[in-house]
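Engineer: One structure follows; several queries about it will come next.
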Amino acid sequence: PPRARVAGADTVMSAGFVGAGGQPKRVLIRATGPSLAPAGVPNVLSDPQLSVNGAGGQIGFNNNWQDTQAAELSATGLAPGDPRVAAIILTLPPGGYTAIVSGVGGTTGNAVVEVYDLQ
């Protein structure tokens with residue numbers, strides 16, 4: 001997964017991805033920072049937030065994964081271990097999308113964005 005430094009409100013992490021095929025896809029998107037520290041990643045983003053955008057603008061947002069969709073995320077087996085990680089499940093029609101990771105309150109640090117095809 002792509003890893004980058006989020007450096008405040010003006011320097012966010014942006015990861016593009018494409019939903020291919022003729023049918024909508026159910027995907028899980030995670031923005032992680034705090035859970036990277038045990039893996040030896042320095043200066044992690046302590047509280048990431050995630051925005052997912054399509055051609056028409058924002059289609060999803062999450063700050064702490066347990067605030068929304070907790071049961072659905074847990075059922076995938078891919079639920080984050082840290083409650084500060086941002087994660088969302090969306091069903092997306094074919095097309096291009098952008099996951100934007102920023103720090104709550106303008107915080108900075110290293111983060112990773114992951115996109116999982118749940119189908």
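Engineer: Relative contact order (percent) for the range 9-64, with alpha-carbon contacts under 8 angstrom and 6 or more residues of separation?
Structural biologist: Numbers: 39 pairs, mean separation 11.5, N = 56.
Dividing the mean separation by the residue count of the range 9-64 yields 21 percent.
Engineer: Only Cα pairs under 8 Å and at least 6 apart count here; give the relative contact order of the chain as a rounded whole percent.
Structural biologist: RCO, the chain: 47 percent.
Engineer: Quote the charge dipole size of the chain about the Cα centre in Debye, to the nearest 20; the model charges only the Cβ of Lys and Arg (+1) and of Asp and Glu (-1).
Structural biologist: Working: 6 positive and 7 negative charges, 36 e Å.
Around 180 debye, computed over the chain.
Engineer: Could I ask something else about it? Heads up, I need the accessible area for residue 117: 1.4 angstrom probe, whole protein in place, Å², nearest 10.
Structural biologist: Surface open to solvent at residue 117 totals about 80 Å².
Engineer: What is the sum of charges, Lys and Arg at +1 and Asp and Glu at -1, for the other residues whose Cβ falls under 14 Å from the Cβ of residue 94?
Structural biologist: So the environment of residue 94 carries a net charge of +1.
The values are calculated or read from the model by the stated rules, or taken from the named source; none is laboratory data. This one's a predicted model, so the numbers in the text were calculated from it and none came from an experiment. Backbone-built Cβ (ideal geometry, glycine too); neighbour counts: all protein chains shown. These area figures cover heavy atoms from the full protein model, side chains too; ligands, DNA and RNA do not enter into them. Shrake-Rupley method; radii C 1.70, N 1.55, O 1.52, S 1.80 Å.
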